[in-house]
Amino acid sequence: MSIRTATLNGVATIEIARPEKKNAITQAMYAQMAEALDAAKADDAVRAVLITGQPGIFTSGNDIEDFMQRPVGSSESPAFVFMRALMGCDKPVVAAVTGAAIGIGTTMLLHCDFVYVSDEARLAMPFVSLGLVPEFASSLIVPQLMGNARAAEKLLLGDPFTGADAVECGIANAVLPAAEVAPHARRIAERFNGLPPGAVRETKRLMRRARSAAALETIGIEGGVFAARLQSPEAKEAFSAFFQKRKPDFSKF
């Protein structure tokens, strides 16, 4: 299985486990993660959720080959189901990030409650370079978090950034040595075993209330543009260059 799940001491862990493909996420993996989030939400024994990858790699983003064979076509596609499941999880979600977090690997962190990154982490949202547009409400949340100037660097230029940058921008809580990220994230998740679960859920709901409707609306708008961009000549050139291992040529557009 490319997604491993386990529940221990009140923490439901969702592990992206496809290191041979740099933890690239397929549609089937999105469906598995959505199911795991819904199960954690429904399980009274679960007090928090921990999302993690493999040592040295969180996720390289979408599996491009799978993505081209099964493009996002509707709001019921597994990727969108996962987005709604993560946004709808009323229990604290903690992310442990080491290595690369590309595309959805970064944008999903915007919807986690606690994010801990390693000092070797590299985050990026290179949608434009693929002829696409941002997703998972990142076009709304990233400018809100860091202002338009720095958001332009991350979303228009696709500039990668470090774990320390992620902390400064408000995406992450702390940067730690790689070996300490997962244990620290688990300790934070386990702290919710000693807190009243109803108060935790209601506080999370109140904290996110103002942004949740706008984020869901943005996801729908982004999704429509994203689907259209997939059919664009620019995206076709970008993906052809990716598979041919060459630099794309956008000079003709």
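The values are calculated or read from the model by the stated rules, or taken from the named source; none is laboratory data. Predicted, not measured: the structure shown is a model, and the values here were computed from it. Please note: Cβ atoms are built from the backbone with ideal geometry, for glycine as well, and neighbour counts cover all protein chains shown.
Taking the criterion of being of a type outside the set (S, T, Y), out of contact with any strand residue (DSSP E or B) (no Cβ under 6 Å at 6 or more places or on another chain) and on the phi < 0 side of the Ramachandran plot, the residues of the range 161-170 that qualify are D165, E168, C169.
Residues in the range 168-178 that are of a type in the set (A, V, I, L, M) and within 16 Å of M125 (Cα to Cα): I171, A172. Scan the range 239-249 and give yes if some residue there is surrounded by 15 or more Cβ atoms within 10 Å (Cβ to Cβ) and among the acidic types (D, E), otherwise no. No, there is no match, as no residue in the range 239-249 is surrounded by 15 or more Cβ atoms within 10 Å (Cβ to Cβ) and among the acidic types (D, E).
Looking only at the range 144-152, decide whether some residue is within 15 Å of the chain's Cα centre (by Cα) and either surrounded by 20 or more Cβ atoms within 10 Å (Cβ to Cβ) or touching a residue at least 24 places away in the same chain (Cβ under 8 Å) (or both). The answer is no; no qualifying residue exists. In the range 24-43 there is at least one residue matching the filter, namely being under 17 Å from G99 (Cα atoms) and modelled with pLDDT of 95 or more.
Within the range 27-116, considering only helices (runs of 4 or more DSSP H) that don't extend past its boundaries, which have at least 2 residues that are in contact with a Lys or Arg (Cβ under 9 Å, 6 or more places away or on another chain), under 17 Å from I16 (Cα atoms) and not β-branched (V, I, T)?
Here the list reads 27-42, 78-88.
Listed here are the residues, each with its yes/no results for (1) in contact with a strand residue (DSSP E or B) (Cβ under 6 Å, 6 or more places away or on another chain); (2) within 14 Å of L130 (Cα to Cα); (3) modelled with pLDDT of 95 or more.
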position: A214; (1), (2), (3): no, no, yes
position: G220; (1), (2), (3): no, no, no
position: G224; (1), (2), (3): no, no, no
position: L230; (1), (2), (3): no, yes, no
position: A235; (1), (2), (3): no, yes, no
position: S240; (1), (2), (3): no, yes, no
position: K245; (1), (2), (3): no, yes, no
position: F250; (1), (2), (3): no, yes, yes
position: F253; (1), (2), (3): no, yes, no
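Scanning the range 84-98 for residues that are crowded, with 24+ Cβ neighbours inside 10 Å and of a type in the set (G, A, S) yields A95, A96. When E217 is tested against (1) under 23 Å from A100 (Cα atoms); (2) of a type in the set (D, E, K, R); (3) loosely packed, with under 13 Cβ neighbours inside 10 Å, exactly one condition is not met: (1).
Counting just the residues of the range 24-59 that are among the polar types (S, T, N, Q) and either free of Cβ contacts under 8 Å to residues at least 40 places away in the same chain or surrounded by fewer than 22 Cβ atoms within 10 Å (Cβ to Cβ) (or both), which one comes out farthest from F242 (Cα to Cα)? Among them, the one singled out is Q32. With respect to (1) farther than 21 Å from F114 by Cα; (2) in contact (Cβ under 8 Å) with a residue 24 or more places away in the chain; (3) not small (G, A, S), the lone exception for E20 is condition (2). Scan the range 192-202 for residues that are assigned to a helix (DSSP H, G or I) and touching a residue at least 12 places away in the same chain (Cβ under 8 Å) and the total you get is 5. Note on the range 156-178: residues that are not in a loop (DSSP other than H, G, I, E, B) and not aromatic (F, W, Y) total 12. Regarding V181, is this residue on the phi < 0 side of the Ramachandran plot, modelled with pLDDT of 95 or more and either among the small types (G, A, S) or not in a strand (DSSP E or B) (or both)? Taking the combined requirement at face value, the residue satisfies it.
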